[in-house]
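One structure is given below, encoded as structure tokens.
The values are calculated or read from the model by the stated rules, or taken from the named source; none is laboratory data. These figures come from a predicted structure and were not determined experimentally. Because the Cβ atoms are built from the backbone with ideal geometry, glycine has one as well, and the counts that use them run over all protein chains shown.
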Amino acid sequence: MNVQIPANFSPAVDRLITEGRFRDAGEIVAEGIKLVLMREELERDVQAGLDDLDAGNRIEAKKVYAEARRRIKAIEDGRAQ
């Protein structure tokens, strides 16, 4: 698959490669797709939580924060779910 990088993103792509953060534009595009999928999952999780609240289901705040910290750590460690 060939992907056309918009001209206004070219300087950022070049910088990311020059800085050694990515080997090529394909890696950057793959990371972008990964982030979009993660955002979609987050949006689904947030909506599910809001639906639970609307239904009267509650979870103790301490448990919510512990789970949020666990998920953040997984993302930081590259183990995103």
Task: Residue, farthest from residue 78 (Cα to Cα), within region 8-54, restricted to residues that are of a type in the set (Val, Ile, Thr) and over 19 Å from the mean Cα position of the chain (by Cα) - done: 18
Task: Residues located in region 29-81, provided they are outside any loop (DSSP other than H, G, I, E, B), surrounded by fewer than 10 Cβ atoms within 10 Å (Cβ to Cβ) and basic (Lys, Arg) - done: 62, 63
Open item on the list: Which condition from (1) of a type outside the set (S, T, N, Q); (2) at negative phi; (3) at pLDDT 95 or above; (4) over 15 Å from the mean Cα position of the chain (by Cα) is the one that residue 5 breaks?
Closed with: (3)
Task: Lone qualifier among 30, 48, 25 - being over 23 Å from residue 12 (Cβ atoms) and not basic (Lys, Arg) - done: 48
